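The structure under discussion appears below in the form of structure tokens.
None of the figures in this text is laboratory data; all of them are computed from the coordinates on show. No experiment lies behind these values; they were computed from the predicted model shown. No Cβ is skipped: glycine too gets one built from the backbone with ideal geometry, and neighbour counts run over all protein chains shown.
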Amino acid sequence: MPGASDGFAELLDPLGCPWEGEPGEPLWEAGFRKAVRAGDSPLAASTRVRWSPWPSFSQPNVALAHAFKPAVFDGDVLLFTASLGKTGQAPGREDWAPYLTGGLRVRPVECTHGEMSGRRPTAEIGQVIAAGLAGQPAADARV
């Protein structure tokens, strides 16, 4: 059925949009559009987005992400992490060691992972990066 739920509900959390439905409950395209516009997602103000293809292209992207084998990064890293809604599966500082030759500074942002691309978290991240580029230690920059 066109516009049916396959994949729509799974897309809401990464966009920072809560959905009150039951697991496996159908979410139609209209419900998805309403949930996205009600949240603080980067798509909240969109007016001309065609939503129906999203599930079909997002599922292969998830498979690609799971198959990705990262190389080692030679340099220092400033990592922004979501501080809310963490599970026991969230990577810790030690999980990054095989992928870095330099230092790792972790800067928590008060949001969930799905909210990281929202207006407030991206503004905070941008201010920390701007402070770092201006010569102020990025880990000490507070918003």
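Using a Förster distance of 22 Å, how high is the FRET efficiency between Ala134 and Lys69, based on the Cβ-Cβ distance and rounded to 0.05?
0.05
Near Cys111, the amide H atoms lying under 5 Å from its own belong to Ser83, Leu84; only residues 5 or more places off or on other chains count, and H is placed 1.01 Å from N. In this structure the amide hydrogen of Leu100, modeled in the peptide plane, comes within under 5 Å of the amide hydrogens of Phe73, none closer than 5 places in sequence on its chain. Take the Cα of Arg105, go 7 Å toward its beta carbon, and the backbone nitrogen atoms of the range 112-132 under 11 Å from that spot belong to 128-132. What would the Debye formula give as log10 I(q)/I(0) at q = 0.20, 0.26, 0.28, 0.29 Å⁻¹ for the alpha-carbon point model of the range 77-134, no solvent? Log-scaled intensity ratios, in q order: -0.83, -1.12, -1.17, -1.19. You can think of it this way: the chain between Asp76 and Arg37 has 10.3 nm of extra reach, that is 0.36 nm per residue less the Cα-Cα gap.
Of the peptides 77-83, 67-73, 102-108, 89-95, the order by per-residue mean of other Cβ atoms within 10 Å, starting with the highest, comes out as 77-83, 102-108, 89-95, 67-73.
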